[in-house]
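Since every read-out is calculated from the coordinates, none of them should be taken as a lab result. Just so we're clear, the structure is a prediction, and the values are computed from it rather than from any experiment. Every residue, glycine among them, receives a Cβ derived from its backbone with ideal geometry; neighbour counts consider all protein chains shown.
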Amino acid sequence: MSESILEIKDLRVSYGGIEAVKGISLDVHEGKIVTLIGSNGAGKSTTLKSIAGLVKPQSGSIKFKGQELIGLSPDKIVKAGIVLVPEGRRVFPNLTVKENLKMGAYLRKDDLTEDFEYVYSLFPRLKEREWQLAGTLSGGEQQMLAVGRALMSKPELIMMDEPSLGLAPIVVKDIFEIIRTINKAGITVLLIEQNAFMALQNADWAYVLETGTIKTEGEGLDLLDDETIQEAYLGKTRE
Amino acid sequence: MLNEKKGISRGAIITLMIVLVVCILTIVLENTINPNSLLFTVIRKAAVYSLVAVTMNLLNGFTGLFSLGQAGFMLLGAYTYAILTIPTDVRDSIYYLFGGAGFHFSTVSFFEGIIGDSGVAGFISMILGVLIAMLVGGIVAAIVAYLIGLPVLRLKSDYLAIATLGFAEILRAIFQWDKLGKVTNGANALRGYPTFADFNIKNAQGITVLRLSSFIPILFAGICILIIILLINSSYGRAFKAIRDDEVAAEAMGINLAKHKMMSFIISSFFAGVGGALFAMFASTVQAKTFTSAMTYEIFLIVVIGGIGSISGSCIASFLYIACSEWWLRFLDNTQYINGNQLPLFKNGFRMVVFSVVIMIIVLFFRTGMMGDKELSDLFNKKRRKKVKADE
């Protein structure tokens, strides 16, 4: 197996007295697609937010290529090579598509021409709408923009919080195709999904979260065949 | 803005031309028609107000920080300017209630001592003194903004507005405090410093040959607004807009929220301080009691009427607003007769009633203001794009 790029040990996070994440440990290996699945309130988003530095954990450690991330500010974490595509797309509605992409590269000082070309080759639709305000895009296009914007920071690890949320099935398929393309280009992906079927089909490794702890882990396709997983997340009933 | 790669778009050039025409027209008119006309009072005050409105727009419209401390920062700028420029020989007579001035330094007198105090040399030393004092006024406002910003910028929306409003009121009280009388002249007015009228060029006999007193405020305010426009179109400006649109996403993209909010707050306050200095030059006396919260509301109103997030909107609105309040609606305050019968309602204060109704109509029916978040240059660019399409 390849080397682990992100190591989380015994992470605990509380919000106003409620413990959302109760000591989870997980590894993300370089160049893989890793997914966290679980129902609402399982602590998936909180875990991602802690990695991105948006939430301060109680205890535990998050190591990215050996560097401790807890205590670093979000901009330092982006600089280190981790970027988060936040839940619900969250593009900047009153900025143009191009300006949104530029915001993704805010901390970079080098030339962006190649990166624009790369993002536009992944999402030709964005090139067409370069001068349009992001708020006028459709949901699918906004999600593409959010992913493209994150790629502009040249990350080594891209984290996505429910990229399929509120999108038509055909668009979801496109999004997952893009995720695989990005991954083939050498970027490690950490993915959160409610759509467990799509996530497990595409992931190399998956963790199942339940009320703040990790219940099981395994290869994506193996978990897809697991009966208990099928019951809990894929809506299959026992005959 | 639409054609970033080409540098300056056609719309921007047209806008610049309009500003240039206004400047030339101001100079020509002031030297041909009665220089005491209300028109020039309106132009001077509106130029100052447009700068302050733009600084407020930078915070409210571009960074999404609802701040109402503008009058406070103007007060700092105005006082710093006045205290620094009152010539040393008249200082004691202005501070007579407190037994003379606390310190005897004046930038104008300082340069007069170096360059000379008569003729062209005197004029140049006056300009240098004024510029330095204006700059220091801005810097004082910026430093205070930094200190205030440390605790206050953690607050959001209405809470931030209340905190900044309170700060401005406290500042006004401090400047009226008798114990500081040696410096601030307590509740009494400061005067005797260079005003816009001092920029009129006189010949050796002391006769005015070229009036610039209305052009100078446009020039100063214009330069400051231009700097703010350049800032807004830079990558920092984009970061401000990103914070306004979505704080969480901006943070996830690696924008340091605290740092950028502080930067916007300090820059806005700096130019509000410069605007305060210009206001002092316009009013020719400085008194803390003029910088009330009502003044902040007036400026906020201009921003809303012009369109939150539009620089050109703020400028146009400030000229319209000041023209209405100082000039066009003045007749409402005077008793009016038709066929010898006195009309009811037309008495002192009726102007403000009509004014409030107009404002209510604007807020109810034109919620985005005159320009929305568009700029004048965008409008020209759009027209051109439509034309191009029609040609195809």
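For peptide A:95-108, how many partner chain Cβ atoms fall within 10 Å of a residue's Cβ, on average?
Values: counts 6, 4, 0, 1, 7, 5, 0, 4, 11, 3, 3, 11, 4, 1.
Counting other chains' Cβ atoms within 10 Å and averaging over A:95-108 gives 4.
In terms of the Cα gyration tensor, with a ≥ b ≥ c the square roots of its eigenvalues, is the stretch B:71-130 rounded because a/c is under 1.5, prolate because a/b exceeds b/c, or oblate? Walk me through the numbers on the way to the answer.
Values: a/c = 2.95, a/b = 1.35, b/c = 2.19.
It comes out oblate by the Cα gyration axes.
Among bridges DSSP assigns within the protein assembly as shown, what percent are antiparallel (round to 5)?
60 percent
Using the basic label-point model (7 angstrom from Cα toward the beta carbon), what is the B:CYS324 to B:THR41 distance in nanometres?
Result for the modelled spin labels: 1.9 nm.
List every residue whose amide H lies under 5 Å from the amide H of A:LEU84, counting only residues 5 or more places away in sequence or on a different chain, with H placed 1.01 Å from N in the peptide plane.
Amide H neighbours of A:LEU84: A:MET159.
Of the listed peptides B:303-312, B:356-365, B:73-82, B:175-184, what is their order by residue-averaged count of other C-beta atoms within 10 Å, with the highest listed first?
Numbers: B:303-312: 25.2, B:356-365: 11.2, B:73-82: 30.1, B:175-184: 15.8.
Answer by packing, highest mean first, reads B:73-82, B:303-312, B:175-184, B:356-365.
Could you go through the stretch B:222-231 in sequence order and give the Karplus-derived ³J(HN,Hα) for each residue, using 6.51 cos²θ - 1.76 cosθ + 1.60 with θ = phi - 60°, rounded to whole Hz, and x for Gly and Pro?
Per-residue couplings from phi come out as x, 4, 4, 5, 4, 4, 5, 4, 4, 4 Hz.
Counting only complete DSSP H runs, which helices of chain A cover 20 Å or more along their long axis at the Cα atoms and score a mean Kyte-Doolittle of 0.5 or above? Walk me through the numbers on the way to the answer.
Values: long enough: A:169-184 (23 Å, 0.54).
Span-like helices, by this rule, are A:169-184.
Grab the beta carbon distance between A:LYS173 and B:TYR297, set R0 = 41 Å, and tell me the FRET efficiency rounded to 0.05.
Values: r = 54 Å, r/R0 = 1.31.
Calculated value: 0.15.
Based on DSSP, what percent of beta bridges with both residues in the stretch A:4-233 are antiparallel, to the nearest 5?
Numbers: 23 of 41 bridges.
Looking only at bridges with both residues in the stretch A:4-233, the antiparallel portion is about 55 percent.
FRET efficiency for A:ASP110 and B:CYS23, Cβ-Cβ distance as r, R0 = 45 Å, nearest 0.05?
Result of the calculation: an efficiency of 0.65.
In whole angstrom, how far apart do the alpha carbon centroids of the stretch A:112-136 and the stretch B:86-106 sit?
63 Å
If you plug each phi of the stretch A:68-76 into the Karplus form 6.51 cos²θ - 1.76 cosθ + 1.60 with θ = phi - 60°, what whole-Hz ³J(HN,Hα) values come out, in order, with x for Gly and Pro?
So the J values, rounded to whole Hz, are 6, 9, 5, x, 7, 7, x, 5, 5.
Assign one of three labels to the stretch B:252-392, namely rounded, prolate or oblate, based on the Cα gyration tensor with a ≥ b ≥ c the square roots of its eigenvalues; rounded applies when a/c is under 1.5, prolate when it is not and a/b is larger than b/c, and oblate otherwise. Can you show the working numbers first?
On the way: a/c = 2.49, a/b = 1.34, b/c = 1.86.
Here the stretch B:252-392 falls in the oblate category.
Say a paramagnetic label sat at a point 7 Å from the Cα of B:MET360, along Cα to Cβ; which residues of the stretch B:302-321 have their backbone N under 18 Å from it?
B:305
Quick one: grab the alpha carbon gyration tensor of chain B, order the square roots of its eigenvalues as a ≥ b ≥ c, and give me rounded if a/c is under 1.5, else prolate or oblate depending on whether a/b is larger than b/c. Mind dumping the intermediate values first?
Details: a/c = 1.37, a/b = 1.21, b/c = 1.13.
It is rounded, given that a/c, with a ≥ b ≥ c, falls under 1.5.
Per residue of A:86-94, how many C-beta atoms from partner chains lie within 10 Å of its own C-beta, taken as a mean? Mind showing how you got there, number by number?
Numbers: counts 6, 1, 3, 2, 8, 4, 10, 2, 7.
So the per-residue partner count for this stretch is 5.
Under 5 Å between amide H atoms, partner at least 5 residues away or on a different chain: which partners does A:LEU191 have, H built in plane at 1.01 Å?
Long-range HN contacts for A:LEU191: A:VAL34, A:THR35, A:LEU36, A:MET160.
Which whole-Hz ³J(HN,Hα) couplings does the stretch B:12-23 yield from phi under the Karplus relation 6.51 cos²θ - 1.76 cosθ + 1.60, θ = phi - 60°, glycine and proline marked x?
Calculated HN-Hα couplings, in order: 5, 5, 4, 4, 4, 4, 4, 4, 4, 4, 4, 4 Hz.
Once the piece of chain linking B:ARG10 and B:GLN336 is laid out straight, how much longer is it, given 0.36 nm per residue of separation minus the C-alpha distance between them? Don't skip to the end; give the middle numbers.
Details: separation 326, 0.36 × 326 = 117.36 nm, distance 4.81 nm.
Separation in residues times 0.36 nm, less the Cα-Cα distance, equals 112.6 nm.
For B:GLN205 and B:SER235, what does the FRET efficiency come to when R0 = 56 Å and r is the distance between their Cβ atoms, rounded to the nearest 0.05?
On the way: r = 54 Å, r/R0 = 0.97.
Taking R0 as 56 Å, the efficiency between B:GLN205 and B:SER235 is 0.55.
So what is the relative contact order of chain A, in percent, for Cα pairs below 8 Å that sit 6 or more residues apart?
Result for chain A is 26 percent.
So in the stretch A:119-239, what percent of DSSP beta bridges are antiparallel if you round to the nearest 5?
Values: 6 of 11 bridges.
Given both bridge residues lie in the stretch A:119-239, the antiparallel proportion sits at roughly 55 percent.
Suppose each label sits 7 Å from its Cα in the direction of the beta carbon; what would the B:HIS104-B:LEU131 distance come out to in nanometres?
Computed distance between label sites B:HIS104 and B:LEU131 equals 2.8 nm.
Long-range amide H contacts for A:THR213: which residues qualify at under 5 Å (H placed 1.01 Å from N, peptide plane, sequence gap of 5 or more or a different chain)?
HN-HN under 5 Å from A:THR213: A:LYS22.
Counting only C-alpha contacts under 8 Å and six or more residues apart, can you give the relative contact order of chain B as a whole percent? Before the final figure, lay out each step's value.
Working: 616 pairs, mean separation 115.3, N = 392.
Taking the mean separation of contacting Cα pairs over the length of chain B, I get 29 percent.
Per 0.36 nm of contour for each residue apart, how much would the distance between A:SER39 and A:ASP222 grow if the chain were fully extended, relative to their Cα-Cα spacing?
Working: separation 183, 0.36 × 183 = 65.88 nm, distance 1.92 nm.
Extending this stretch completely gives an extra 64.0 nm.
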